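First up is the structure itself, then whatever we jot down about it.
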Amino acid sequence: MEIMLAGLKRWRFLLALLGTSMPVVGYLIGANYHAFLVAFVIIPVLDWLLGNDPSNPAAADMARIEEDPVFRRILYAYVPIHLGLIVWCAWAIARGELPPAQSLGLALSVGIVTGAQGITIAHELGHARSKLDRWLARALLTSVSYGHFIIEHNRGHHVRVATPEDPASARYGESFWRFLPRTVAGSYISAWRIEIERLRRLQLQPASWRNQMLWFTLIPLVIAGAFALALGPLAALSFAVQSAMAVTLLEAVNYVEHYGLVRARLADGRYERVGHRHSWDADNFLSNCFLVHLQRHADHHTHPARPYQALLHHDDSPKLPTGYAGMVPLALVPPLWFAVMNPRVVSFRTAAA
């Protein structure tokens, strides 16, 4: 039985690939908002029914699990599916056979996949040491018009998380709708600053072709233009809509991950070291399969290079009442969010103090 369970856990992240079928199924059955039902109703209910999985691998097995090639191949397999899904969506909408409301639903549904799973997998690949992995991460991110995330997240967010200087850390009492424009603008500006500083160290000017921010800004415009030329303006519009949905979903997850958590200042003016207490965790088995353990976020911030399959549960990290699939809709309604989360923030801060 233990061998069977180990085998199941080894393959459970294939659900990340299965999730890409949501927009296609909706298109085939003529219900292009189907992905919203699955992502934000059915998965949260199944999360509740299936419960949590706080188990950690044995220390003796960690090296074997980290080096198992199956887990990396799942990420690689996702990339062509993701890119193909965006092209297929543009083609399906450009045909002009769908009513406007259904075309919008299809583009938004593709954005749910490219945001929830695409950016999550890009995030995982972007932390890898392999040049191939980082290039695949860039391909995924530019396909949702958010390439600068790899700069700001790795060299900005991980340094400043849970501090007022971090645009991706939501403050206590800040609604998602206030957080969203602040983090989108702040992350983009921060990425420019980080990249210009990198170029300065290399004695290069911002106008250099090696400025990644120029490429991350221009490539989405080129993609949209190529869709417009090849398939028509509706195809370009579908690309823009799925990108907007993906980015909104990413920032909703960012909002959930660090809401109200702060690092203390030390006597020398620096912030305390990042620890398990600075990220909200969720151990829901099903959503962690779809999101390749993104919800074990506390361990990710303390060990950014640790591959997703080896991320650990920590008893001392703050816990969300459910997985991201249930928390994101809650975040969109500030009164409900504050009613659920503010008491948890206060309770956790008091216990930590």
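Leu234 falls short on exactly one of the conditions (1) under 22 Å from Ile119 (Cβ atoms); (2) in contact (Cβ under 8 Å) with a residue 40 or more places away in the chain, and that condition is (1). Identification of helices (runs of 4 or more DSSP H) wholly contained in region 234-353 with 3 or more residues that are among the aromatic types (Phe, Trp, Tyr) yields 334-352.
Under 28 Å from Ala252 (Cβ atoms) and acidic (Asp, Glu) - does that describe any residue in region 65-83?
Filtering region 65-83 for residues under 28 Å from Ala252 (Cβ atoms) gives 71-72, 74-83.
Still in the running and acidic (Asp, Glu): none.
Within region 65-83 (the criterion being under 28 Å from Ala252 (Cβ atoms) and acidic (Asp, Glu)), the answer is no, since none of the residues qualifies.
Considering region 30-66, and only residues there that are within 23 Å of the chain's Cα centre (by Cα) and free of Cβ contacts under 8 Å to residues at least 12 places away in the same chain, the residue that is farthest from Ser109 (Cα to Cα) turns out to be Val45.
Consider Ile189 against the criteria (1) more than 22 Å from the chain's Cα centre (by Cα); (2) in a helix (DSSP H, G or I): it satisfies all of them except one. Which criterion is unmet? So Ile189 meets the others, but not (1).
Do you know which residues across region 257-280 are buried (at least 23 other Cβ atoms within 10 Å of the Cβ) and in contact with a Leu (Cβ under 8 Å, 6 or more places away or on another chain)? Hits for region 257-280 are His278, Ser279, Trp280. Within region 92-110, being in a helix (DSSP H, G or I) and either surrounded by fewer than 15 Cβ atoms within 10 Å (Cβ to Cβ) or of a type in the set (D, E, K, R) (or both) holds for Pro100, Ala101. Scanning region 69-90 for residues that are surrounded by 15 or more Cβ atoms within 10 Å (Cβ to Cβ) and farther than 16 Å from Ala139 by Cα yields Phe71, Arg72, Ile74, Trp88, Cys89, Ala90. Looking for something buried (at least 24 other Cβ atoms within 10 Å of the Cβ), more than 20 Å from Thr248 (Cβ to Cβ), among the aliphatic types (A, V, I, L, M) and in contact (Cβ under 8 Å) with a residue 24 or more places away in the chain - is there at least one such residue anywhere in region 284-300? Yes, because at least one residue in region 284-300 is buried (at least 24 other Cβ atoms within 10 Å of the Cβ), more than 20 Å from Thr248 (Cβ to Cβ), among the aliphatic types (A, V, I, L, M) and in contact (Cβ under 8 Å) with a residue 24 or more places away in the chain. Taking region 166-197 as the range and being closer than 18 Å to Arg263 by Cβ and aliphatic (A, V, I, L, M) as the test, the residues that pass are Ala168, Ala170.
Given the structure, is Arg200 out of contact with any Cys (no Cβ under 8 Å at 6 or more places or on another chain), closer than 24 Å to Tyr271 by Cα, surrounded by fewer than 19 Cβ atoms within 10 Å (Cβ to Cβ) and at pLDDT 95 or above? Here the answer is no, as Arg200 does not meet what is asked. Leu125 satisfies every condition listed in (1) within 16 Å of the chain's Cα centre (by Cα); (2) assigned to a loop (DSSP other than H, G, I, E, B); (3) among the aliphatic types (A, V, I, L, M) except (2).
The values are calculated or read from the model by the stated rules, or taken from the named source; none is laboratory data. Quick caveat, the model's predicted, so the values are computed rather than measured. Every residue, glycine as well, gets a Cβ built from its backbone with ideal geometry; the counts of neighbours run over all protein chains shown.
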